[in-house]
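Let me begin by presenting the structure, written as structure tokens, before commenting on it.
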Amino acid sequence: MSEPQPLREALAAHGLLARKALGQHFLLDLNITRKIARLAGPLDGKRVIEVGPGPGGLTRALLEAGAKVVAIEKDPRFLPLLQDLSATFEDRLEIVLADALAADESSLCSGAPASIVANLPYNVGTPLLIKWLTGSFRPTSMTLMFQKEVAQRISAPPGADAYGRLAVIAQACADARIVMEIPARAFTPPPRVDSAVVRLDPLAEPPSARRLEALQAITAAAFGQRRKMLRTSLRSLGGEKLCSDAGVAPDARAETIDVAGFLRLTDTWLTGS
Ligand code: SAM
């Protein structure tokens, strides 16, 4: 197997400059990308979906760890670099030129189980996470880089400043924790904010689509007026009676209610409290 070209040289050789509109901040240090790949667990022979491979630093680390990678990239300028990588790793890399928001992951993996590992573009990170948490394709695990503030909003416990809708939805579906922090200077070009990697392991019995839809409605109302008491913020959904029937204090504020409490509110609402 021939050694692929160093990433910085490969970018220069192809005259590739980062595009801000596509959230392009590259990790060119293979020590960092290898660490992210290790955080995704044993990958030998495993199928991994990577969104936004760009020049391929993380892709290379995943392939070195033995993964079979399906890489979804929107920017066609990276195809030559990725094709070189595919040749080096003897067809364990499939490159899909597409918008990941519209991609059908199940058919890309022919229905086989797959995990997702990605340094996500900031502008579509949260919608992609919601798609993977609540959609029909359920990854076996997700190891995802977000801007640090979003990583905190995903993994925050009740009572924390960052605790809100995203934490409740994410933690209702998966065990979510920050596993690595990465300073802005590690990226080329550096973004304005630091980043963090979140590992999400789906729960054995995640809520059904119907429960998730209702949970989204409850959390939207509760956190839409997060300084108000639940009896007020949830007034249109049943207010005081809904809270009492669900065993949740009507004078509590949304930020103090744990995920189990939100699921009780959801189930009580669905059964027509
Ligand atoms: N994985 C590379 C790395 O770590 O160096 C690049 C990460 S960069 C933060 C995000 C990548 O996602 C870019 O390559 C960008 O072109 C790509 N991208 C942006 N929006 C996308 C979308 N909607 N679907 C697929 N890829 C997208």
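Here the stretch 65-89 is the region considered, the condition is being in contact (Cβ under 8 Å) with a residue 40 or more places away in the chain and either in a helix (DSSP H, G or I) or acidic (Asp, Glu) (or both), and the residue that is surrounded by the fewest Cβ atoms within 10 Å (Cβ to Cβ) is 80.
Among residues of the stretch 60-103 being within 7 Å of the ligand (Cβ to nearest atom) and under 19 Å from the mean Cα position of the chain (by Cα), the one that is nearest to residue 38 (Cα to Cα) is 72. Counting only residues that are farther than 26 Å from residue 111 by Cβ and within 10 Å of the chain's Cα centre (by Cα), which one in the stretch 126-149 is surrounded by the fewest Cβ atoms within 10 Å (Cβ to Cβ)? If we take residues in the stretch 126-149 being farther than 26 Å from residue 111 by Cβ and within 10 Å of the chain's Cα centre (by Cα), then 126 is surrounded by the fewest Cβ atoms within 10 Å (Cβ to Cβ). Residue count for the stretch 90-115, restricted to those that are under 13 Å from residue 138 (Cα atoms), open to solvent by less than 90 Å² (accessible area, probe 1.4 Å) and in a loop (DSSP other than H, G, I, E, B): 5.
Which residue is nearest to the ligand (Cβ to nearest atom), if the candidates are limited to the stretch 145-182 and must be under 15 Å from residue 200 (Cα atoms) and part of a loop (DSSP other than H, G, I, E, B)? My answer is 156.
Restricted to the stretch 195-252, the set of helices (runs of 4 or more DSSP H) holding at least 3 residues that are in contact with a Pro (Cβ under 7 Å, 6 or more places away or on another chain) and among the polar types (S, T, N, Q) is empty.
For the stretch 32-64, a tally of residues being open to solvent by 50 Å² or more (accessible area, probe 1.4 Å) and not in a helix (DSSP H, G or I) returns 4. Of all residue pairs spaced 6 or more apart or on separate chains, those with beta-carbon atoms under 9 Å, a first member in the stretch 109-135 that is closer than 19 Å to residue 166 by Cβ and a second member that is modelled with pLDDT of 95 or more and basic (Lys, Arg) are 121/74; 126/153.
Quickly run through the stretch 116-144 and pick out the residues that are part of a loop (DSSP other than H, G, I, E, B) and either under 19 Å from residue 183 (Cα atoms) or polar (S, T, N, Q) (or both). Across the stretch 116-144, the qualifying residues are 120, 121, 136, 140, 141.
When the residues of the stretch 13-31 are filtered to those that are within 9 Å of the ligand (Cβ to nearest atom) and assigned to a helix (DSSP H, G or I), the one that is nearest to residue 125 (Cα to Cα) is 22.
The values are calculated or read from the model by the stated rules, or taken from the named source; none is laboratory data. In this text, all values refer to a predicted model and were calculated from it rather than measured experimentally. Positions of Cβ are backbone-derived with ideal geometry, glycine not excepted, and every protein chain shown enters the neighbour counts. Ligands, DNA and RNA are stripped out before the accessible areas are found, and what is left, the full protein with its side chains, is counted by its heavy atoms. Shrake-Rupley method; radii C 1.70, N 1.55, O 1.52, S 1.80 Å.
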